[in-house]
Amino acid sequence: MGSRFLLAALLLTPIACASDDKTDRATLKGIKAVCVVVGVSAEAGRGGVDKNRLQTDIEGRLQRQGAPVDKNANACVYLNVRALRAMGGNGKPLPLYAADFRLELLQTVALTREATLKTFASTWSSDNMTTVPAADLGETAMEIADSLVDQFAVAYKSVNPQ
């Protein structure tokens with residue numbers, strides 16, 4: 001199950017909520033490697049958010065912080081970036097975005113009532129919502145993604161000491 005299959009599953013499967021508490025961190029224990037999937041809304045892309053740059057940056061950042069990356073892993077770090085351009089009263093776009101950033105760890109889970117039924121679920125997550133000047137959206141996306149990835153790396157290392 002590579003990252004392409006996971007991306008398709010992400011688009012078709014409702015995802016449960018998770019956070020960065022002790023219970024959610026425990027779900028990271030024993031994960032040997034993660035794949036990285038980045039989703040950028042069309043509006044965020046038009047605003048200067050570079051999906052490929054985010055992908056490369058996240059993969060490198062995770063590796064440097066001791067969270068191995070493998071594109072074929074079945075546990076994936078998923079960054080979703082959505083942005084919405086502010087509109088003026090006259091219907092014209094303003095130079096401002098509302099932006100939502102969500103980083104999740106998605107992995108295969110089995111249902112307790114039927115262990116043979118498996119699906120992807122978010123078992124750890126963190127997010128950030130902000131407003132940002134249009135000219136700064138791309139760089140702000142990089143900064144916030146770095147912060148969220150750093151938070152994930154701390155959580156990962158807390159239950160997977162090297």
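What follows draws every value from the coordinates through simple rules; no lab data is involved. Because the structure is a prediction, the values reported are computed rather than measured. Cβ sites come from the backbone with ideal geometry, for glycine too, and all protein chains shown count toward neighbours.
Excluding same-chain neighbours fewer than eight residues apart, the lysines reachable from Lys157 by a Cα-Cα span under 17 Å are Lys22, Lys29, Lys32. The lysines within cross-link reach of Lys51, meaning a Cα-to-Cα straight distance under 22 Å and a gap of 8 or more places when in the same chain, are Lys71. A cut-off of 5 Å between modelled amide H atoms, ignoring neighbours fewer than 5 places along the same chain, links Asp70 with Val34, Cys35. Computed from backbone phi, the HN-Hα couplings of the stretch 34-42 come to 10, 9, 10, 10, 10, x, 10, 4, 4 Hz, rounded to whole numbers (Karplus: 6.51 cos²θ - 1.76 cosθ + 1.60, θ = phi - 60°; Gly and Pro given as x). Hey, what angle do you get for helix 137-159 against the long axis of the chain, alpha-carbon based, 0 to 90 degrees rounded to 10? Once rounded, one gets 20 degrees.
Can you give the Kirkwood hydrodynamic radius of the chain from its Cα pairs, in Å with one decimal?
Kirkwood radius, the chain: 16.5 Å.
Axis of helix 3-12 versus longest Cα principal axis of the chain: the two differ by about 70°, to the nearest ten degrees. Computed from Cα positions, the angle between helix 51-64 and the longest principal axis of the chain comes to roughly 40 degrees. Starting from the stretch 89-162, pick out the GluC sites (Glu not before Pro) whose DSSP state is loop and whose Cβ has at most 11 other Cβ atoms within 10 Å. Of the GluC sites (Glu not before Pro), the ones in loops of the stretch 89-162 whose Cβ has at most 11 other Cβ atoms within 10 Å are Glu114.
If R0 equals 45 Å, the separation of the Cβ atoms of Asp70 and Lys92 corresponds to a calculated FRET efficiency of about 0.45. Calculated mean residue ellipticity, 222 nm, the chain: -11000 deg cm²/dmol, from DSSP H runs (n ≥ 4) at -39500 (n - 2.57) each, averaged per residue and rounded to 500. P(r) tail for the stretch 74-162: Cα pairs beyond 19 Å make up 54% of the total.
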